[in-house]
1. Out of Gly93, Gly88, I need the residue that is open to solvent by 30 Å² or more (accessible area, probe 1.4 Å) and either basic (Lys, Arg) or farther than 21 Å from Ile53 by Cα (or both). Which one?
2. Looking at Ser28, Ser72 in this structure, which one is of a type in the set (Ser, Thr, Tyr), within 12 Å of the chain's Cα centre (by Cα) and farther than 12 Å from Val155 by Cα?
3. Any idea which residue in the stretch 117-140 is most open to solvent (accessible area, probe 1.4 Å), counting only those that are out of contact with any Leu (no Cβ under 8 Å at 6 or more places or on another chain) and among the small types (Gly, Ala, Ser)?
4. Looking at this structure, is Val129 in a helix (DSSP H, G or I) and at pLDDT below 95?
5. Touching a Lys or Arg at 6+ places or on another chain (Cβ under 6 Å) and either open to solvent by less than 30 Å² (accessible area, probe 1.4 Å) or modelled with pLDDT of 95 or more (or both): does that describe Val144?
6. Whether any residue in the stretch 141-159 is free of Cβ contacts under 8 Å to residues at least 40 places away in the same chain, part of a loop (DSSP other than H, G, I, E, B) and touching a Leu at 6+ places or on another chain (Cβ under 9 Å) is what I want to check.
7. Return a yes/no flag: does the stretch 72-95 have any residue that is assigned to a strand (DSSP E or B), touching a Cys at 6+ places or on another chain (Cβ under 9 Å), under 23 Å from Leu34 (Cβ atoms) and modelled with pLDDT under 95.
8. Report every pair of residues separated by at least 6 positions or lying on different chains whose Cβ atoms are under 7 Å apart, first residue within the stretch 26-53 and modelled with pLDDT of 95 or more, second basic (Lys, Arg) and open to solvent by 30 Å² or more (accessible area, probe 1.4 Å).
Amino acid sequence: MTLSRPTGLPTVHRQIQVFTGDPAGELSAMATRLTRFAELGIPMQGQEVLDDIATAMAGKAGFLYGMVNAFSDEQTFLGLHNPPGESGYPLVGRTMSRAHGWCPEVVQRKRGLPLPDVAASPRFQSNDVVDAIGIQSYFGAPIVDEPTGLALLTVCLIDPEPRTLRDAGRLQAIVRDTARTAADVLNIRTPHAP
């Protein structure tokens, strides 16, 4: 389902894909996110410092991909780590549909989502990201903006190799710590910040 943005909200030159059962609430939340990104001075484009954060996270976890992901009319990877171009693995671009991947679930629930083996979860095993680049493990955490209560961004790791349940806690902790780091860099006051 797609919706056009109502008048009075920032102009977007494409249809908005809705991924919840509450289109009006989703559009309102998106407008609030866009306003907060503008207030915080966060541009919807790649940022070298966030690329470095995503790369450090992926390296620490041993994953091929790492992202710091903003949600507006689409998902924008403000921070992105891809595998080396010569590795033979697909490279991810800076944007993706708001309905693809597992980060939309993290935004909605405002809690982390560890999927050490996506094939083991019937709810999450079928996904455009699985189909497009063969992802088998996902770990994501939200960055919740205290003033609005909305998840403005997510931080995530994805990889074509499944992980063990034994390692899931360590990997989710890496993502959660990276979310705190990204929030600090972007000056986002989170509910857990002092």
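1. Values: Gly93 fails: either basic (Lys, Arg) or farther than 21 Å from Ile53 by Cα (or both).
After applying the criteria, what remains is Gly88.
2. Working: Ser28 fails: within 12 Å of the chain's Cα centre (by Cα).
Of the residues listed, the single one that is of a type in the set (Ser, Thr, Tyr), within 12 Å of the chain's Cα centre (by Cα) and farther than 12 Å from Val155 by Cα is Ser72.
3. Ranking the candidates gives Ser126 first.
4. For Val129, the condition - in a helix (DSSP H, G or I) and at pLDDT below 95 - is met.
5. On the way: touching a Lys or Arg at 6+ places or on another chain (Cβ under 6 Å): yes; either open to solvent by less than 30 Å² (accessible area, probe 1.4 Å) or modelled with pLDDT of 95 or more (or both): yes.
Here the answer is yes, as Val144 does meet what is asked.
6. no
7. Just the residues of the stretch 72-95 that are assigned to a strand (DSSP E or B), to begin with: 75-81, 95.
Filter once more, keeping what is touching a Cys at 6+ places or on another chain (Cβ under 9 Å): 75.
Okay, now just the ones that are also under 23 Å from Leu34 (Cβ atoms), so 75.
Filter once more, so that each one left must be modelled with pLDDT under 95: 75.
Yes; the residues of the stretch 72-95 include at least one that is assigned to a strand (DSSP E or B), touching a Cys at 6+ places or on another chain (Cβ under 9 Å), under 23 Å from Leu34 (Cβ atoms) and modelled with pLDDT under 95.
8. Between residues of the stretch 26-53 that are modelled with pLDDT of 95 or more and residues that are basic (Lys, Arg) and open to solvent by 30 Å² or more (accessible area, probe 1.4 Å), the close pairs are Gly46/Arg94.
The values are calculated or read from the model by the stated rules, or taken from the named source; none is laboratory data. What you are looking at is a predicted structure, and each value in this text was computed from that prediction instead of being measured. Neighbour counts run over all protein chains shown; Cβ positions are idealised from the backbone, glycine included. For accessibility, only protein heavy atoms count, side chains too; no ligands or nucleic acids. Shrake-Rupley method; radii C 1.70, N 1.55, O 1.52, S 1.80 Å.
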